[in-house]
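Worksheet: one structure, shown below.
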Amino acid sequence: MAATELIVDVQPKEISIALLDDKRLVELQKESRGVSFSVGDIYLGRVKKIMPGLNAAFIDVGYSKEAFLHYLDLGQQFNSTQKYIKQIISDRRKAPVSVSKFKLLPDISKEGTIDEAIKPGDEILVQITKEPISTKGPRLTAEITLAGRFLVLVPFSDKVSLSQKIKSQAERTRLKQLIQSIKPKGFGVIVRTVAEDKKVAELDNELKTLVKCWEEAMLKLQRAKTPSLVTAETSRTVGVIRDIFSPSFENIFVNDRETFSEIVNYVSLIAPEKKDIVKLYEGDLPIFDHFAITKQIKSSFGKTVSFKNGAYLIIEHTEAMHVIDVNSGNRSKNGTGQEENAIEVNLAAAKEIARQLRLRDMGGIIVVDFIDMDNADNRQKLYDFMREAMAEDRARHNILPLSKFGLMQITRHRVRPVLDIAVAEDCPVCYGKGKISPSILFTDKLEDKIAYLVKKLRVKKFSLHVHPYVAAFINSGSPSLKWRWKMKYSLGFKLIPNQSLALLEYRIFDDKRNEIDLKEEIEVK
């Protein structure tokens, strides 16, 4: 089993989470720290428009674009949910009645219409199932669920469902009977795959925690104005750990004390014996540079991705679909025939494509143009290998066999915008204008900044982050620029090579790792 590590890079404006298998980057998620409308968030919204032709409605949840809710996403118990919500909102002075004591109403018809269920102006409790993508608003469901590590709680339902990945019939029977014996009335439960072989105490503890979360959300709902957030999904970092945590996790490194404490608390709750794998990173180098993630990002997110012996992929993104072309490049065939070369390149490409889909979180329709193969057994072998390579992908997906044109079609569930990182830069000297500018005097500019920092702002201990090439230049010579600056200005000065910076970009941090924006400071002065 591959050794798995999670690296969390917390910056003032953004949190980046990298998942490594045997030091190789397989997943990367970036989230703005001010992000809203995340999958799992629960909102009190207001119906704005009914669209009978779509059998759907547009809901105001506070986003610039109205959110979309289809009739089939109301959930069978919508009548019960809506009656309960109206009861809570209408009497804000009384404590919300327990769902266990609430009388459930009959299910709504699967063949019904949206205008029979809701009308413009209605207040409705909804949950984000798909974040805003491109010009579209969020996608919603009115069937509220609260996800834990082992269980998913479904209010206003008495049904117990089990993950299809739990194969043992004896274990399925045990889990179903166990959950039915401990769950409160009025709540349904979906048992996740990781609940297999778990003891009743663990499952009961999580079930009680989820019910408590629901009750706290209903108390917030009483005071909520429309539209507003009722309860937020757990942070992206904890959400990733919740969904993928396994015994193969060897380390979780994080460079922020607050996030470190949050992760330690969560891991202590779900797996107390593994809490020591969570470690606070306090090195001088940026955490992604230290774990060689920055290099992998820059080599993996371009339009062209090389993967084996000169072979490469061309990845194009359009509004309708993603297109991937497999090329053998200048790869030496070593005397093998065309068919053998084609299957070898295609199998290696399939492995890299499976990684790229997870890494970029590509969704929707993906069309792959593999190298043509005449042998039917080889085409079947490639199809089987692709299915195996994507078995670890947590996103729902479907793979079709190769068409007669040699194309493979893949659909992958997309809940967030595709992660598209720019890896090309303008010339740092002329900024794409084709003319050399005074920026060749970059080190003089840096010295001026250091002088202002030390003499005007009285900052004695700080670190200067620059591109590794610039750092190498400043460290070169005898005496080096770095040594001269330390002697002239401050012995508390540290020079840090940072691979994420452009050639003539720099950042300055104080001894508490807070960034100092000298441009703002100078403007204020």
Problem set entry | Gained length - Arg24 relative to Lys136, 0.36 nm times residue gap less alpha-carbon distance | 37.0 nm
Problem set entry | Rel. contact order, % - alpha carbon contacts under 8 angstrom, at least six apart, the stretch 157-246 | 25 percent
For this session: Whole Å is fine, so just give me how far the alpha carbon centre of the stretch 116-178 lies from that of the stretch 473-493.
Result: 59 Å
For this session: May I ask you to give the solvent-accessible area per residue for the stretch 61-199, in square angstrom, as obtained with a 1.4 angstrom probe?
Result: 53 Å²
For this session: Any aspartates and glutamates with Cα under 16 Å of the Lys199 Cα? List them, leaving off those in the same chain fewer than 8 positions away.
Result: Glu171, Glu273
Exercise. Per-residue ellipticity at 222 nm for the chain, helices alone: DSSP H runs ≥ 4 residues times -39500 (n - 2.57), over residue total, nearest 500 deg cm²/dmol?
Worked result: -9500 deg cm²/dmol
Exercise. Where the accessible area of the chain is counted over protein heavy atoms with a 1.4 Å probe, how much of it, in %, is carbon and sulfur?
Worked result: 51 percent
Exercise. So which aspartates and glutamates pass the test for Lys279, namely a Cα distance under 13 Å, with those fewer than 8 places away in the same chain ruled out?
Worked result: Glu5, Asp9, Glu250, Asp256, Glu258, Glu262
Exercise. Long-range amide H contacts for Ser161: which residues qualify at under 5 Å (H placed 1.01 Å from N, peptide plane, sequence gap of 5 or more or a different chain)?
Worked result: Val189, Ile190, Val191
Seminar exercise, completed: Note on the chain, DSSP bridge orientation, antiparallel percent to nearest 5 equals 75 percent
Problem set entry | Extension reserve of the Leu503-His290 stretch, reckoned as 0.36 nm per residue once the Cα distance is removed | 74.8 nm
For this session: Please calculate how many Å² of accessible area the stretch 221-349 carries per residue, with a 1.4 Å probe and no DNA, RNA or ligand atoms counted.
Result: 49 Å²
Seminar exercise, completed: In the stretch 140-239 the DSSP beta bridges are antiparallel at a rate, in percent to nearest 5, of 70 percent
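The values are calculated or read from the model by the stated rules, or taken from the named source; none is laboratory data. As the structure is a computational prediction, the values presented were derived from the model and not from experiment. For accessibility, only protein heavy atoms count, side chains too; no ligands or nucleic acids. Shrake-Rupley method; radii C 1.70, N 1.55, O 1.52, S 1.80 Å.
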